[in-house]
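These notes concern the structure reproduced below.
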Amino acid sequence: MIFEELRIRHVRVSPAQILAPMAGITDTVFRRLIKRLGGCGLIMSEFISGEGLLRQNIRTRRYLYYTEEERPIGAQIFGADPEHLAEAARRIEGLGFDLIDLNLGCPAKKVTKCGGSGLLRDLPLLDKILRRIRAAVSIPFTVKMRSGWSDEEIVAVPVARLAEDCGVDAVAVHPRTRLQGFSGKARWEIIQEVKAAVRIPVIGNGDVLTPADARALYQQTGCDAVMIGRAAASNPWIFQQMEDFFGGGTYRESTETERYALIRTYYGYDAPQK
Ligand SMILES: Cc1cc2nc3c(=O)[nH]c(=O)nc-3n(C[C@H](O)[C@H](O)[C@H](O)COP(=O)(O)O)c2cc1C
């Protein structure tokens, strides 16, 4: 079956269908909702500033909150200072997260100045950061990247190779450039190139809107897992629909009653106040 299971070291991701980190969306309440609906083998936090984490500011503490039912759960950090990121990673491990992910994709200007997709233009610094984080933690360590800064600077394959050399356990690829933002299409052929270039698991991401898209992504790229972002925000049933589709060839759409019940559940969950 497609995307049945993936192991990122000792962490079992089953099915190999992952909720993408989305700032402002994938908070603890949304993540619990996704888990309850089924079909999602791994969820990720919103991205968390490594610097904010060290300062322990209130917003960061809220980002770090999770419940046991969300496991396995990864925390995503961003930043550009190797020592600070290593210390942030240590703290995340101490908080019991199952894995840690480094953001190499955020296109926002205030982030690219100090990490995110900005690191795709400074591979020597990225090398240092990856090695420091790797040495700091024993939980699995992954990276999630865009394909490069611009069409003239596509670096997905060299970055994936660098990550593998530095002991990173898996790499997620959203094949759009920083300059592209969310326009145009995700270039899945870049995921295919990364898959051919490294031995560590490759997680394919970008423009998967339906179970049929997920199958097409697998067929084109051979990726080891699929990661879904925006489609999960408007259709949180998509993970279960993919599982049904891959297992039995069909799936059903949610009914109005189910959607109504889901909203009630959503507002019924308690979230940390600080
Ligand atoms: C509102 C929003 C917030 C996002 N926040 C993050 C983030 O915090 N970290 C990250 O790595 N990617 C972030 N992304 C990118 C997604 O994880 C994903 O790579 C992208 O949306 C492409 O996948 P999709 O086509 O399935 O949505 C965000 C995307 C959206 C739409």
Length released on extending from SER14 to ILE58, taking residue separation times 0.36 nm less the Cα-Cα span: 12.5 nm
Order by protection proxy (mean Cβ within 10 Å, highest first), peptides 99-109, 129-139, 149-159: 99-109, 129-139, 149-159
Other-chain or far-sequence residues with amide H under 5 Å of VAL155's (modelled H): GLY148, TRP149
Pairwise label distance in nanometres, LEU125 with LYS113, each label 7 Å out on the Cα-Cβ vector: 1.2 nm
Positive-end extreme of charge dipole, the chain - chosen from PRO211, ILE48, SER254 (charges on Cβ): ILE48
Spatial separation of Cα centroids for region 124-193 and region 25-64, in angstrom: 21 Å
Size of electric dipole in region 120-274: Cβ of Lys, Arg +1 and of Asp, Glu -1, about Cα centre, debye, nearest 20: 460 debye
Label-point separation in nm, ALA197 to GLN220, each point 7 Å along Cα→Cβ: 1.8 nm
Where labels lie 7 Å past Cα in the beta-carbon direction, separation of THR255 and SER183 in nm: 4.4 nm
Sites ARG36 and GLU152, calculated FRET efficiency, Cβ-Cβ separation with R0 51 Å, nearest 0.05: 0.70
Gaussian network model of the chain, Cα within-10 Å springs - most flexible of TYR251, TYR218, TYR63: TYR251
Pair-distance profile P(r), taking every C-alpha pair of region 169-250, with 10 angstrom steps and integer %: 19, 49, 30, 3
Stokes-Einstein D in µm²/s, Kirkwood radius over Cα pairs - region 1-58 at 4 °C with 1.567 mPa s viscosity: 101 µm²/s
Two-site FRET efficiency, TYR269 against GLU68, from Cβ-Cβ distance with R₀ of 22 Å, rounded to 0.05: 0.95
Sum of side-chain charges, GLU83 neighbourhood, beta-carbon under 12 Å (Lys, Arg +1; Asp, Glu -1): +1
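Read the figures in this text as sums done on the coordinates, not as results from a lab. Source: prediction; values computed, not measured. Cβ: placed from backbone, ideal geometry, glycine included. Neighbour counts: every protein chain shown.
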